[in-house]
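Bear in mind these aren't lab numbers, they're just calculated from the coordinates by the rules spelled out. Remember, it's a predicted structure, so these values are computed and weren't measured experimentally. Cβ placement follows ideal geometry from the backbone for every residue including glycine, while neighbour counts extend to all protein chains displayed.
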Amino acid sequence: MYRVLIVEDDPVICQTTMEYLAGWGYQVRAVEDFSRVMDVFSAYDPHLVLLDLKLPIKGGFHWCREIRLKSTVPILFLTSVGDNLTAVTAMNMGADDLIAKPFDLGMLGAKIEALLRRAYGFAAASPRITHRGLVYNPASATVRFENREIELTRNENRILQTLLEKRGEVVSRDLLMTRLWESDSFVDENTLTVNVGRLRRKLEELGAEGFIQTRKGIGYELI
């Protein structure tokens with residue numbers, strides 16, 4: 001299990017990211033005392049660090065330099081500043097990649113997987129998730145069931161990813177449309193219905209029938 005250390009002072013972003021990564025099989029810890037970042041880093045010994053640029057007391061560039069003095073661990077900067085100068089400065093400081101806020105969690109997961117693969121080789125397992133024999137790989141947007149595999153469209157990928165994150169819960173249509181809205185210019189009720197229908201049919205083609213249940217007037221549930 002790969003350990004990820006989050007150094008982020010926005011409690012909503014931090015908690016959401018922690019829950020997302022934990023759901024995909026990562027061991028996650030967040031820094032709470034921003035004067036003791038290196039103490040936590042040394043004790044936790046992470047495989048990857050998510051590091052916010054703007055932090056209390058000392059900024060992300062400072063902690064990036066400190067980490068680089070003792071480790072080559074992959075560092076992914078989280079920043080609301082998306083200009084080229086910030087990216088260049090981050091890379092010069094020793095960062096491995098950068099993602100601008102607000103970021104899509106699926107994109108964050110793909111970047112993390114890519115960094116782990118580069119740093120630790122292909123032995124760094126993809127954060128795949130298994131549900132009742134269904135094996136979903138968010139990085140490749142594929143789903144496998146009983147030795148058969150099928151590719152998903154971008155929207156199908158986002159829908160299945162959200163249902164898996166909330167498996168065992170009813171996921172509202174509003175939440176699913178919000179996830180689709182992150183990448184599409186417009187999403188309405190009909191667009192969601194069509195995409196859920198296509199995803200359901202693809203799962204049925206694999207033999208995974210009845211996995212997505214409609215909860216009338218509310219949304220959908222992966223069972």
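Odds and ends about this structure:
- The stretch between residue 154 and residue 16 holds 47.5 nm of extra length on full extension. This uses 0.36 nm per residue minus the Cα-Cα distance.
- Ranked for footprinting exposure by Cβ neighbours inside 10 Å, fewest first, 20, 220 give 20, 220.
- For the chain, the Cβ-based charge dipole about the Cα centre amounts to some 420 debye (Lys, Arg positive; Asp, Glu negative; other atoms uncharged).
- Segment 3-120 shape via C-alpha gyration tensor axes, a/c threshold 1.5: rounded
- Around the amide H of residue 2, modelled in the peptide plane, lie the amide H atoms of 27, all under 5 Å away and 5 or more residues distant in sequence or on another chain.
- Sequentially through segment 103-109, phi angles give Karplus couplings (6.51, -1.76, 1.60; θ = phi - 60°) of 10, 7, 4, x, 5, 4, x Hz, Gly and Pro residues having no value and appearing as x.
- Under 11 Å, Cβ to Cβ, from residue 143 - net charge with Lys/Arg +1 and Asp/Glu -1: 0
- Paramagnetic label reach from residue 45 (point 7 Å along Cα→Cβ; backbone nitrogen cut-off under 16 Å): within segment 71-110, residues 71-74.
- A helix-only calculation puts the chain at -13000 deg cm²/dmol for mean residue ellipticity at 222 nm, using -39500 (n - 2.57) for each DSSP H run of at least four residues, averaged over all residues.
- Cα gyration tensor shape of segment 129-222, rounded if a/c is under 1.5, else prolate or oblate by comparing a/b with b/c: prolate
- Taking amide hydrogens as placed 1.01 Å from N in the peptide plane, the amide H of residue 98 sits under 5 Å from those of 77, each at least 5 positions away in sequence or on another chain.
- The 3J(HN,Hα) values that the Karplus relation (6.51, -1.76, 1.60; θ = phi - 60°) gives for segment 14-28 are, in residue order, 4, 5, 4, 5, 4, 5, 5, 5, 4, x, 9, x, 8, 8, 10 Hz. Gly and Pro appear as x.
- Leading residue at positive end of dipole, the chain (Cβ point charges), from 193, 106, 206: 206
- Summed side-chain charge close to residue 10 - residues other than residue 10 whose Cβ falls under 9 Å, Lys, Arg +1, Asp, Glu -1: -2
- Calculated from backbone phi, Karplus (6.51, -1.76, 1.60) coupling profile of segment 166-171 in Hz, x at Gly/Pro: 10, 4, x, 10, 7, 9
- If you take all other residues with their beta carbon under 13 Å from the beta carbon of residue 71, and give Lys and Arg +1 and Asp and Glu -1, the sum is +1.
- Radius ratio Rg over Rh of the chain, counting only Cα atoms, Kirkwood formula for Rh: 1.01
- Percentage relative contact order, the chain, counting C-alpha pairs under 8 Å, at least six apart: 13 percent
- Lysines with Cα under 21 Å of residue 101, excluding same-chain neighbours fewer than 8 positions away: 54, 58, 111
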